[in-house]
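Contents: one structure, followed by commentary.
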Amino acid sequence: MTAFRRLDKGGRIDREKSVNFTYDGKSLGGFAGDTLASALLANGKTLTSRSFKYHRPRGIMSAGVEEPNGLFAINGNEPNIPATTVDLVEGLAAQSQNAWPSVDFDLMAVNSFAAPLFQTGFYYKTFMGPFKKSWMFYEPFIRRAAGIGKGSCEKDPDRYETAHEFCDVLVVGAGPAGLTTALVAGRSGARVVLVEQDLELGGQLLSETDRDFEMWRTTQVAELRSLANVTIRTRTTAQGLYDDNLVVLLQRHENHDAARGRPRQTLISLRSKAIIFATGAIERPLVFPNNDRPGVMLASALRTYLNRFAIVPLKRALIVTNNDTAYKTAFDLAEAGIAVTMADHRNVIPSDLLSRAAMLGMAMFPGTGIADVEGAKQVTRVQLAGNHSATIECDVLAMSGGWNPVVHLTSHSGIKPVYDDAIAAFVPGGYAKNHFGAGAVTGKFGFESVIKDGNAAGADAAKAAGFDKPATPVATIGAKDRAYKISPHWAPKTTGKGKAFVDFQSDVTVKDIRTAHDEGYVAVEHLKRYTTLGMGTDQGKTSNINAIGLMAELREMPISQAGTTTFRPPYTGLAVGAIAGRTVGLHFRPYRLSPLHDANKAHGATFIEAGLWMRAWYYAWAGSTPETAYIREMELVRNGVGIADISTLGKIDVQGPDAAEFLNRVYVNGFAKLPVGRARYGVMLSDDGVVLDDGTTTRIADIHYYTTTTTAQAGEVMSWFEYLLQTQWTDLKVHVTSLTDEWAGMAVSGPKSREALQLAFPDADVSNENLPYMGCLDVHLDGVRIRILRLSFSGELAYEVHVPAEYAGSLWEHVLKVAEPLGIRPYGLEALASLRIEKGHVAGLELDHRNTLDDLGLGKIAGKEKSYVGKELRFREALQAPDRWSLVGIELMEPDKKLRGGSILFSAGDEIKGHGRGYITSVTWSTELKKFIALGLYQGGLKHEGEDIICAFPLKNEQVKARIVSPHFIDREGARLNA
Amino acid sequence: MFKPYSALALAKHALSPDRPWPRAWNSPEPKSSYDAIVIGGGGHGLATAYYLAKNHGLTNVAVLERNYIGSGNVGRNTTIIRSNYMIDGNTQFFEHSLKLWEGLSHELNFNCMVSHRGQVVLAVSPAQLDTFARRGNIMRLNGIDAELLDRGQVMKLLPYLDYSKDARWPIYGGIIQERAGTVRHDAVAWGYARAADTLGVHIIENCEVTGFVMDGDKAVGVETSRGKILAGKIGIAVAGHSSHVAKMAGLRVPIETHVLQAFVTEPVKPMVDHVISWGAELFYLSQSDKGGMVFGGHIDGFNTYTQRGQFPRIQTVAECAVSLLPLMSKLRLLRHWGGVMDMTPDGSPFIGRTERPNLYFNGGWCYQGFKATPASGWTFAHTIAHDEEHELNRAYSLDRFEKGRELDEFGIGNWTYKQ
Amino acid sequence: MRIPCPHCGQRDVGEFRYGGDASKARPAHGTGDMKAWHDYYFLFDNPKGPHDEYWQHVLGCRQWFKLTRNTATNEIGEQP
Ligand SMILES: Cc1cc2nc3c(=O)[nH]c(=O)nc-3n(C[C@H](O)[C@H](O)[C@H](O)COP(=O)(O)OP(=O)(O)OC[C@H]3O[C@@H](n4cnc5c(N)ncnc54)[C@H](O)[C@@H]3O)c2cc1C
Ligand SMILES: [Zn+2]
C-alpha cells in the first residue's frame, strides 16, 4: 500500500543522478537532492516506523529537523536519525527501529490494547510491591521496552574535528530573512558567516514554485557567493548559544571518509560580534483523534515534498487547518491535479482564498475539523466534525495548526520567549546585546515585510559590529503581503475512543495532558516531566506549544500566564563524539614525557601513568614484573649505587631581593638564614593550616633560590606562589619561574654514589667536606652547567643531579657508562617509593590535604617565632587534639601474610568495626628488615609505639597482626646520609 | 480525598476513566502563620516537611517554594545514590539515607524507581586502587556493601569500556557498591510533596521568600512574594540559594554557588546497566530507564547563579565520555543544562542550628545532595522539632571550620583553588 | 564566557583559573587572629550580582588579575 507517488518532472532533485540505498536490507533508488524521507515516500513507503510506547504505525510527518516519527538506524551504528535530515547518498543503509518482527507487522503493538493501563504517570503509581526492592524486578522489563533505537558498542570508525572561528556578524538560517541580512551585512564590509542546516540556501523558498522567488533567491545567493568577506556554510546547524556570543556550530561534511582522514563532522566554536537569528518557524500539527496515522502530515511538509521533491499524494488529499498558510499547499496540489478537500476550523475564511479554492474546484468545509481518521496502516478515510460531518476518502491528510517561531537559540541566553496573540505562538522575549532577529522567528511571515526587516536587522548587526557605513538594501520583488490569520485550535473538546496525539514520538495524548492537569501537574515543567512530553529525540519541536495551549485551556487562563518551556541546547541531537573531537582515546589528555624518556626506554624501562606523566616504573634488568623488580632495585640502592629519573619534580626558580623573605613566609621553616650553597627541606601549608606540599630549597646566591615541589603539586604550588606575589604581597620584589620542563633531574643513590659522581665529574670535588649532606655544588661538564644537590629520598648517601633538559640524555648515559665498574643501574618509581617508606619520608599518599604538620611528625620544623602561611589556622582546636591520627611505622608480625594499602587499623583488643583508629597509606617489602612494613596514620601516633595492632582488610576478609613502630625503619641517626 | 496508588487502583481507573485521579498535592492559600516553615520546595525541603509531620507530629507546616516544586536541583541532577563514604560522620549519614531510599517508594506510596543497579568506580592506578580499598574497608566495617574488583572482573562486568591500547589511562580495577544506583529524581519531589500534603502540610508554590521577620535576634516569620507569614520555627533548605537567603537573616555562610552541568543523550535500548564513575577525571554516567545516557563531570569552576554552563566544560565531559565508553561517540546529546550548587570548602554539607534562635539551616550539598535527600529531611526535621542536632548530623555544624573539624571526604582540600 | 586578560585581551574562559572572591581582605602576613583568618578563608559573601574576583591566565601569560563579574548574568565589567 502506498499513499504517495513521484512525478516525472519538477522539483529540485537531479533525475540524471540516481542514488541506490537500502531500507531494511532491500535495495531502493532515489535521486541526488533527495533526503532519505523523500526517497522513502517516493518508493511508496508510507508506514515507516512504530511509535515509542504503543507501537502504533507511523509515517513521515514533516520535512525537517522537527520530525517525530520517521527515525531510522543509519549504517548500523547511528540510531534514531530522522529521515528528513539525511541526505540520500550512494550506499546508505537505513534500518527501521522499535518493531518486531517488522514495522509492517509489529507484535509489540499489543501494547496498544493495554493502553488504558499505560495511562500517563502509571509507573509512578505501580511496580512498587510486593517487596521493598520490587522495582529491581520490574525495571529490566521497562528498560527493554523503552529506548527506541539500538546503539553500537563498536568503536566509532568516524573522525571528528573541532575548530575555532571569529567573525563580525553571524547569520543563522538562510531563508529570505537570513539571505537578506547576510547580504546587507556583507555589503557593509563586515566579515559574515552564514550558516544553514539544509544543503541548499533558501529555506522556505526551496519549497516555492513562483519564478520571481527563485530569481530573487539565485540573485542573492550569487552575490553572497561573490563576496570575499562572506563565508557560507551549508549542512551546518547552530546548536547552541553560550555566554559572550559563543555559538557552537556543527558542520556535516558531504565527503567524509575516515580512511582518508576526512572528518565526518566539524564542531566549530564561533565567536561573533553580532548575531542575527533568522531561524524561521516550524509548523505545528493539529490535535485530533488518530492524527498519527501514516499519511497524516504537516501541510507545509506536503508542499515541500510536492515542490522540492516532486512527490504527490496518490490521488486525493484532505487538508485541515486553522490558518491561511495551508492554502498554499492546497492550491499547489490542486494545480498538480490532485483532488483536494479543505477543512478549516474557522467559520470566516478570507475571501481571496475562497475564490481561488472555488476556481480550482476544491471542496471547502469552513467551520470544520476532524472527528476521526481511519486506516490501519495508512489513512483511508477521514470523518469530519463541526459544521460538516462528511466522511472523506483520501490518501493523505495534511494539517496546519499554525507556526511556531524557532526561538530556541535566543532562549539559550536565558531570555524567555513571550506569547504573541496575533500569531498564536511564542516569539523571542527580547534579545541580548548585539543580538537581532529577522524573519519568521520574529513572528513576521510575509515575504516583503521579512525582506524589509531583514534589511534593517542586517544593517543594525553590521553597525553593532563596527560597520556603520550604510549599505544598499536588498531589493524585494514588489509583491503584496497578505495578512496572516489564525484562530488557535489546541485540542478537540472530546476525543472519543481515538487517541489524539500531542507528542507523537513520546506517545502523549490529549487524555494524558488532562490526567496531568487533574493530578495537579500543571506547571509546564511538571507537565512535561510527568507525561514525558517533549523529552524525545525531536525535543518536542512539534508538541510543546500545543501542550502549553491545551494546558492553558484546561487551567482556564491565558497562555501568557500558563508559562513557557525552557529550550535547552543543543538545537538538534549532537553526537557526543563530535563534541569531543579528536581529544579522545590516546589523545584524551597529553602525555608528559620526561627528558629522559628515551633513555629510560633504551634501558628497558616499563612505564606507568602517574597523573599526566609517564614514569619509569621498573627496569628489565631487575625483573619482568613490578613485584619482583622493585626488590632488586632497592637492594641495588641499599648496597651499591643506582640512578633514577626524578625529572618530574616541580622546579621553581625564585629570584629577587625579597626571595628570602618570600620563602620564609610560604614555608613553615626559615630560609632567610640558609647559607648560599646549602639546601633545606621545607614544608608549606595552605591558609587553613593543613600541609600543602614539601620539597627542598637550595640557596644558589644571596637573592636566588631553587625550589623543588612534589610531582603532583607542581602546578598548584607554582600558581599559589604567583597568586601571593601578584595579588597579595605585591611589595615583595621576587620573581618565580617554573623550570620543571627546562631542567631534568636524576637521583644517584647508594653507598657507592659518591664514587659514581667522582667518576662522572672527575674535575669536581664531591668529597664529604666540600659537598656535605644538604650541600649544593655547581659543576661543569663539557661546558654544561650541572647542579649537584646532596639530598636523599632513599635514606642512603645520595645526590640529585639537575641538568638542563636537552643534556639529560647524554649525562644519564655518561654516568651509567663511567660508573659501570661500580655496578650502577637505573631504578624506577616503584623502588623510589619503597625506599622512602623504609626511610619514613612522607609522600603523596600521606600529603593528602587532610593532615597537619603534627600529624606527619613535622611539627618541630615549624618556626616558633616566625610567621608563615597557615600558622593561625593550624592551631584550631580539633587540629591540635592529642588523639589525632598521625604518622607511624607499621611492622607485620605474621611472616606468612601481607600488609595491604588501605587497611584499617585497630588496637589489638578493639572490636573490628566502625572507622578504626587509623589506616595504612603505603606498604612495601623491606629488603633491610626482610618483612612487610608500612606507613600509616594512627590515633595518637607514636605514643603507641610498640603496641600490637590489627590491620583489617574486610574486602578480602583479612586481618593481620602488626606493630606500631617508628616510621624511620632504617638508619634513624642518619649515619648513611651523612657518610 | 487520598487515593492510594497500586496496580489494582490503576486497573480500576482504566475501567472507569471518567473518575479522575485526585490531585497529587493541593495548592492552598498560605495561612498567616504556621508552627514551622520550610523555605525551599526542593528534595530536602519537601522531605523535611514530610518527616516533621511523620516523625514528629508537626503538621501545621508549610513549604514555601519560589517557583514550582522540584524546579531546582532535585529535578536537575544526575540521580546517583550511593553510600561509599569513609569519613566518620559521613559514612553513617549517607548509609542512613540509602536505607531510607530502599523503602521510600513504599513509604511514600509513590514509585520513585529506586534502582539498586550498582555503582562501579574505576581505578586508573594501583595507588588509586589502594585509596578505594580504604574506602571499601570502612564501608564493610560499617555494615555497608562493597567489593573490590580487579581488571579482569571489571572487563567482565563492563565489557564496553575501552580496554585497548588506545586508552589514555588503563583500568586497574575498581570498587562496586551493589546497593548504589539511581532514583527517578522528579518522583522524589512529587512523592514527598504528596505524602506531606496527605499529612496536612501546605505545599505553597510560586511563593518566594524575600526577607525574615525578626524579633530581636529571633526569626519569627518570613516576608514572601505572597505576603508575610509568621512561624514558630523556620528551616532554610534552598541549596544553590543558601547564601542569598541566609544573608536575609544576616548570616554569612561558608558556601559559594557554582554551576554544575548535566547531560542526556537520545534514548537507546539498554547498553549500560550500572552507574559508572571514573578515577581519571571526575566523570559519572548511567543509562536512565527511558534509555538516555545521563552523565556529568566537574563544576564549571567559578561562582555563578546563572544556570548556564560554559562550553569548555561540555567538551571536557564529552571527551571523558567517549574516552571511557567508546559507545558514546555516535550517541547524540539531546539536552544539557546546569544547576546552581552550594559548594562548601570541605565538600560536606551543613545541617543544624544557626546563631539565630528558631532559625535552622540546611545546605552546602555540593555534588551529593540528591542521594542525601531522605537523611537530610530526616535529620533536619529532628533538629527543627527538638532544637538540637540528631546524632547523624552532629558533624554538619555551620561552625565546624572554626574548630578545625573539616569533613574532607575526598582529600582535595579547599576547592576554590582547585579545578 | 570570555575573560579579559590585562596582557592578552579577550580569551576563552577555558584558559583561566578562578581564584575566588577578591573583595575579601587577606589579613596582612603575620597579623590577624584565628577568627580573622577563619572569616577570610572560610566565609563567602557569595552575592547574586556584582562580584569582585581573581582570575589567573593560567594557560597563557599566567597573570593574576581582578575583575568584576555579575554572578547573576556572567557579564564582566562595570554595568549600569
Ligand atoms: C547537574 C547536577 C547533577 C547532580 N547530580 C547529583 C547526583 O548524581 N547525586 C547526588 O546525590 N546529587 C547530585 N546533585 C546535587 C543535588 O541535586 C543537590 O545537592 C540537591 O538536589 C540539593 O537539595 P534540594 O533538592 O533541596 O535542592 P533544590 O531542588 O535546588 O531545592 C531548593 C529550592 O529552593 C527554592 N528557593 C530558592 N530560594 C528561595 C526563596 N527565596 N524562597 C523560596 N524558595 C526558594 C528553589 O527554587 C528550589 O526549588 C547534582 C546537582 C546538579 C546541579
Ligand atoms: Zn594573559
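Can you find a residue in the range A:339-354 that is open to solvent by 40 Å² or more (accessible area, probe 1.4 Å) and among the polar types (S, T, N, Q)?
Of all residues in the range A:339-354, those open to solvent by 40 Å² or more (accessible area, probe 1.4 Å) come to A:339, A:345, A:347-348, A:351-352, A:354.
Subsequent filtering for residues that are among the polar types (S, T, N, Q) retains A:347, A:351.
Within the range A:339-354, one or more residues are open to solvent by 40 Å² or more (accessible area, probe 1.4 Å) and among the polar types (S, T, N, Q).
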Worksheet item: Of all the residues that make up the range A:120-133, how many are more than 7 Å from chain B (Cβ to nearest Cβ) and out of contact with any Phe, Trp or Tyr (no Cβ under 7 Å at 6 or more places or on another chain)?
Response: 3
Worksheet item: Can you name the number of the only condition in (1) under 50 Å from the mean Cα position of the chain (by Cα); (2) part of a helix (DSSP H, G or I); (3) surrounded by fewer than 23 Cβ atoms within 10 Å (Cβ to Cβ); (4) of a type outside the set (Lys, Arg) that A:Trp812 fails?
Response: (3)
Worksheet, complete the sentence: Scanning the range A:864-895 for residues that are loosely packed, with under 14 Cβ neighbours inside 10 Å, within 44 Å of the chain's Cα centre (by Cα) and either in contact (Cβ under 8 Å) with a residue 60 or more places away in the chain or away from chain B (no Cβ under 14 Å) (or both) gives A:Phe875
Worksheet item: Just one of the numbered conditions (1) open to solvent by 40 Å² or more (accessible area, probe 1.4 Å); (2) touching a Phe, Trp or Tyr at 6+ places or on another chain (Cβ under 6 Å); (3) away from every other protein chain (no Cβ under 14 Å) is not true of A:Ile912; which one?
Response: (3)
Discussion item. Checking the structure you have, find out if any residue of the range A:280-296 is under 39 Å from the mean Cα position of the chain (by Cα), surrounded by fewer than 24 Cβ atoms within 10 Å (Cβ to Cβ), part of a strand (DSSP E or B) and modelled with pLDDT under 95.
Written reply: no
Discussion item. Which of the numbered conditions does B:Arg179 fail, given that it passes all the others? Conditions: (1) outside any helix (DSSP H, G or I); (2) more than 16 Å from ligand 1 (Cβ to nearest atom).
Written reply: (2)
Item to complete: Determine whether the range A:951-959 contains at least one residue that is more than 23 Å from B:Gly143 (Cβ to Cβ) and in contact (Cβ under 8 Å) with a residue 12 or more places away in the chain.
Response: no
Discussion item. Scan the range A:528-548 and tell me whether some residue there is more than 27 Å from the chain's Cα centre (by Cα), assigned to a loop (DSSP other than H, G, I, E, B) and within 14 Å of chain B (Cβ to nearest Cβ).
Written reply: no
Worksheet item: Right, A:Leu194: without any contact (Cβ under 8 Å) to a residue 60 or more places away in the chain, buried (at least 24 other Cβ atoms within 10 Å of the Cβ) and outside any loop (DSSP other than H, G, I, E, B) or not?
Response: yes
Discussion item. Cβ contacts < 6 Å: first residue within 21 Å of B:Phe311 (Cα to Cα), restricted to the range C:2-24; second residue within 16 Å of ligand 1 (Cβ to nearest atom), any location; separation 6+ or different chain. Result?
Written reply: C:Val13/B:Gln310; C:Tyr18/B:Gly301; C:Tyr18/B:Phe302
Item to complete: Could you please give the count of residues in the range A:632-688 that are within 14 Å of chain C (Cβ to nearest Cβ), touching a Leu at 6+ places or on another chain (Cβ under 8 Å) and among the hydroxyl-bearing types (Ser, Thr, Tyr)?
Response: 1
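Might you let me know whether the range B:60-70 holds any residue that is open to solvent by less than 10 Å² (accessible area, probe 1.4 Å), modelled with pLDDT under 95 and outside any loop (DSSP other than H, G, I, E, B)? Before you say what the answer is, go through the steps one by one.
So the first thing to find is which residues in the range B:60-70 are open to solvent by less than 10 Å² (accessible area, probe 1.4 Å), and the list is B:61-64, B:69-70.
Next cut, modelled with pLDDT under 95 only: none.
Checking the range B:60-70: not a single residue is open to solvent by less than 10 Å² (accessible area, probe 1.4 Å), modelled with pLDDT under 95 and outside any loop (DSSP other than H, G, I, E, B).
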Response to the item:
Of the conditions (1) within 12 Å of chain A (Cβ to nearest Cβ); (2) on the phi < 0 side of the Ramachandran plot; (3) not aromatic (Phe, Trp, Tyr), the single one that B:Gly291 does not satisfy is (2)
Response to the item:
Note on the range C:14-45: residues touching an Asp or Glu at 6+ places or on another chain (Cβ under 8 Å) and within 16 Å of ligand 2 (Cβ to nearest atom) are C:Tyr18, C:Gly19
Worksheet entry | Only one of C:Asp45, C:Asp21 that is open to solvent by 40 Å² or more (accessible area, probe 1.4 Å) and within 14 Å of chain B (Cβ to nearest Cβ) | C:Asp45
Item to complete: Output yes when any residue across the range B:35-46 is in a helix (DSSP H, G or I), under 19 Å from the mean Cα position of the chain (by Cα) and more than 6 Å from ligand 1 (Cβ to nearest atom), and no when none is.
Response: yes
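Report yes if B:Gly89 is in the same structural domain as B:Glu205 (by TED's automatic domain parsing), without any contact (Cβ under 8 Å) to a residue 24 or more places away in the chain, away from ligand 2 (no atom under 16 Å from the Cβ) and open to solvent by less than 30 Å² (accessible area, probe 1.4 Å), otherwise no.
On the way: in the same structural domain as B:Glu205 (by TED's automatic domain parsing): yes; without any contact (Cβ under 8 Å) to a residue 24 or more places away in the chain: no; away from ligand 2 (no atom under 16 Å from the Cβ): yes; open to solvent by less than 30 Å² (accessible area, probe 1.4 Å): yes.
Answer is no for this residue.
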Worksheet item: Just checking, how many residues over the range A:696-717 are more than 22 Å from A:Glu609 (Cα to Cα) and open to solvent by 10 Å² or more (accessible area, probe 1.4 Å)?
Response: 7
Worksheet, complete the sentence: Over the range A:381-421, the set of residues part of a strand (DSSP E or B) and hydrophobic (A, V, I, L, M, F, W, C) is A:Val382, A:Leu384, A:Ala385, A:Ile392, A:Val396, A:Leu397, A:Ala398, A:Met399, A:Trp403, A:Val418
Worksheet item: within 49 Å of the chain's Cα centre (by Cα), acidic (Asp, Glu) and either open to solvent by 40 Å² or more (accessible area, probe 1.4 Å) or in the same structural domain as A:Asn387 (by TED's automatic domain parsing) (or both), is that true of A:Glu374?
Response: yes
Practice prompt. Tell me the strands (runs of 3 or more DSSP E) entirely within the range A:1-88 that contain at least 2 residues that are open to solvent by 20 Å² or more (accessible area, probe 1.4 Å).
Written response: A:4-6, A:14-23, A:26-32
Discussion item. Only one of B:Glu355, B:Glu391 is open to solvent by 10 Å² or more (accessible area, probe 1.4 Å) and either more than 20 Å from B:Leu100 (Cβ to Cβ) or within 16 Å of ligand 2 (Cβ to nearest atom) (or both). Can you tell me which?
Written reply: B:Glu355
Worksheet item: What about C:Val58, is it within 10 Å of chain B (Cβ to nearest Cβ), without any contact (Cβ under 8 Å) to a residue 24 or more places away in the chain and not acidic (Asp, Glu)?
Response: no
Item to complete: Just name the residue that is farthest from A:Met128 (Cα to Cα) out of those in the range B:184-233 that are under 26 Å from the mean Cα position of the chain (by Cα), hydroxyl-bearing (Ser, Thr, Tyr) and within 11 Å of ligand 1 (Cβ to nearest atom).
Response: B:Thr210
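Here are A:Ala744, A:Ala831: which of them is buried (at least 20 other Cβ atoms within 10 Å of the Cβ) and within 28 Å of A:Ile703 (Cα to Cα)?
On the way: A:Ala831 fails: within 28 Å of A:Ile703 (Cα to Cα).
Going through A:Ala744, A:Ala831 in turn, the sole match is A:Ala744.
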Item to complete: Scan the range A:557-611 residue by residue and report those that are open to solvent by 10 Å² or more (accessible area, probe 1.4 Å), facing chain B (nearest Cβ under 7 Å) and assigned to a helix (DSSP H, G or I).
Response: A:Gly585, A:Leu586
Practice prompt. Would you be able to say whether some residue in the range A:512-520 is in a loop (DSSP other than H, G, I, E, B) and modelled with pLDDT under 95?
Written response: no
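The values are calculated or read from the model by the stated rules, or taken from the named source; none is laboratory data. This is a predicted model, so every value here is computed, not measured. In this analysis, Cβ positions are derived from the backbone assuming ideal geometry, glycine residues included, and neighbour counts consider all displayed protein chains. Please note that ligands, DNA and RNA were not included when accessible areas were found on the heavy atoms of the full protein model with its side chains. Shrake-Rupley method; radii C 1.70, N 1.55, O 1.52, S 1.80 Å.
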